[in-house]
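Take a look at the structure below.
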Amino acid sequence: LQAAFLLAFILGFGVAKPFAAVVVSSRLFFSRRILALSFLLAASMLVECVGLPVFAGAPGAQVACVFVSSFFSSWLYGAAATYLEGRRTTEVLLAVLSFFLIYAGNLSRGTAALVLQAGCPPLLMPLAIGAVACPISIALYVAVDRAPPPSAADVATRSKRTAMTGAQRAAFLRRWGVFVAPQCAAYALLTGIRSVRDLYSQQIFAESLGVAEAPPYVFLIADLPGAICGGAVLLLLSRVPSNERAVFFNLGAQAASAVLLLSSTILFALKGLPGLAWQLAAGTGIFVPYLVMQTPIFERLLAVAQSEGTLSFLIFLSDGIGYVVSISMLLYRDFSPATAVAGGELALFERMAGGGAAVCLVLTAVSALFFRVAIGRAKRSSEDAEAGGEGSVN
């Protein structure tokens, strides 16, 4: 049942992405953002939190509720990002948001444990938490909806952010697809690695430490360095005024993180690094690029392109590919004979972390090479146009 819940959770998020990519970048969504966000959040909470106790004797229906709830939840981040994009402070806002997103898993598990210890029946525990968290979240959405839009200076620096038609999305991908594709592939690999580490953290942490059960403090600190370092990189990125340099800065952070994940995994395999130190380094190597990729780098890419539009469709595109990889990795974990033996989860995670880091390093290099070529070509075209204009005047 646990494996079925996890697959329903990941599958619900993945299936929603193509629909969300089209709808959230449309004029219909932009004209009704607060209503759409409030509905998605409330529907996600009610379907799962009410469905689990109502269908207590029907595990199949419970799994279906998790799937539908996850389908609704899948829209929320990309939809909310439309309020944050196109501002000179976008990276600062993302730094704050990303820190809490990383820590949300451990926070929710800790809150659930406290509610259960207080005597709440297990099947009612999600509803008890959701009944408090959902209204607060909707109130925060309303506050964001009433905040001032990007200023004229923001628009001049980052380009105007609006809804996009299908033709506009296709034109953007034709121009920048060679940059976007390896970024999406690298992000997908990190999503899969993160999903396996997060969903099977108890086994992976315990096996890497060489104990029967990982102590609670490990869960509290395992992702803290990654959250802090990722937020720090985003804050530094916000201080880079040039959009072109910001893209290269972002790619450099991705490459450094891949090297950290790869080298720490190799050292752990060679018994040159303790299990806890490896988990802290691996968490940093996963979460720093996970935070600086996707939204931050696509934000600067739209600014470089000076294209009117929204990065939400790029968020859902990369997320969709990421969940395909996550589902594949989880299915491999569930049906692989290697994970049926002691230490199987740890060995699987080692292979995923080391191999994924090496591939991400190559993909980052491809993106950097294309971006340099594309920028050089654009500058030459601009210089030729200016020279032609001067010749006509003379």
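The values are calculated or read from the model by the stated rules, or taken from the named source; none is laboratory data. Computed from a predicted model, the values in this text were never measured in an experiment. FYI the Cβ positions are ideal-geometry reconstructions off the backbone, even for glycines, and counts take in every protein chain you see. For accessibility, only protein heavy atoms count, side chains too; no ligands or nucleic acids. Shrake-Rupley method; radii C 1.70, N 1.55, O 1.52, S 1.80 Å.
Annotations for the structure displayed:
- Nearest-ten-degree value, helix 90-117 long axis tilted from longest Cα axis of the chain: 10 degrees
- Its relative contact order, with pairs defined as Cα atoms under 8 Å and 6+ residues apart, puts the range 263-320 at 23 percent.
- Quarter of the Cα convex hull surface for the chain, i.e. its orientation-mean projected area (nm²): 21.2 nm²
- Rolling a 1.4 Å probe over the protein heavy atoms gives the range 185-310 an accessible area of 36 Å² per residue.
- Accessible-area composition of the chain, carbon plus sulfur, in percent [1.4 Å probe]: 71 percent
- The range 44-116: relative contact order as a whole-number percent, Cα under 8 Å and 6+ apart: 23 percent
- Toward the positive end of the charge dipole of the chain, with +1 on the Cβ of Lys and Arg and -1 on the Cβ of Asp and Glu, the farthest Cα among PHE219, LEU123, VAL292 is that of VAL292.
- Rounded accessible area per residue of the range 91-168, 1.4 Å, Å²: 57 Å²
- To the nearest ten degrees, helix 344-393 and the longest principal axis of the Cα atoms of the chain are 10 degrees apart.
- When peptides 46-55, 184-193 are ranked by their average number of other Cβ atoms within 10 Å per residue, the highest-first order is 184-193, 46-55.
- 0 to 90° range, to nearest 10: angle between helix 224-238 axis and the chain longest Cα axis: 10 degrees
- Per residue, the average separation of C-alpha pairs within less than 8 Å and at least 6 apart gives the chain a relative contact order of 27 percent.
- Span from the the range 195-222 Cα centroid across to the the range 104-152 one, whole angstrom: 25 Å
- Taking the Cα centre of the chain as reference, the dipole from Cβ charges on Lys and Arg (+1) and Asp and Glu (-1) amounts to some 680 debye.
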